[in-house]
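Report on the structure given below.
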Amino acid sequence: MNMKEEEEDEQYLNIVKIHQHQNYVDWNARAENEMVILIVDDEIKFTKTVVPICIDWDRKFPLADPVGMITSWDIDECHCQVMARYEYLDIEDCSQAFGDSEEYQTYVTSEKVCGRYVNGYHFMHGSDVGAGYFFMKNGSTKHYLQGIVSKGRPTHQDFLIFTNVELNLRWISDILVTIYNTGSWY
């Protein structure tokens, strides 16, 4: 997919509240619980380039295909939306991919998963951190968020590390329940 940036699709929203994971840790070479929920000051308008994504709250849909997708805007070259496909690797396969390297030992934590580049556009520049890693799931025609791009490693160009959304469902739910119960997004 390669969609040109259109001015009519741009949306400028102010962030009014940041809910950062209560166990977030950021050391020089290691980060854990890299999750935030941003509250903005207006509704997000869905367009051909801004679409909603599902969360499999009950984990009832297994992955239909072990290859997930990431979309992002290439702000450096074409100013267009680009997509790459990454094969899902669980934490054990991540360990094998990175071997005994020090960067694996310090960077991939228990709430992370990895993806191995399959095809599309390489996502190895910093603007992709925070992009969603999503899949089609068996029994559904919807896309489900599985991870959030955490880091690409310069010595392992074909791999990205993702914060695993499924391991943070309780935290996401707690934030949403608090917002609902207080009646305040702010």
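The values are calculated or read from the model by the stated rules, or taken from the named source; none is laboratory data. As the structure is a computational prediction, the values presented were derived from the model and not from experiment. What goes into the accessible areas is simple: the full protein's heavy atoms, side chains included, and nothing from ligands, DNA or RNA. Shrake-Rupley method; radii C 1.70, N 1.55, O 1.52, S 1.80 Å.
Just a few scattered comments:
- Restricting attention to the range 121-177, the residues being modelled with pLDDT under 70 and within 15 Å of ASP58 (Cα to Cα) number 1.
- Candidate set from the range 35-55 (those that are open to solvent by 70 Å² or more (accessible area, probe 1.4 Å) and β-branched (Val, Ile, Thr)); member that is farthest from LYS142 (Cα to Cα): VAL36
- If you filter the range 47-101 down to residues that are modelled with pLDDT of 75 or more, among the aromatic types (Phe, Trp, Tyr) and not in a strand (DSSP E or B), you find that the one that is farthest from the chain's Cα centre (by Cα) is PHE61.
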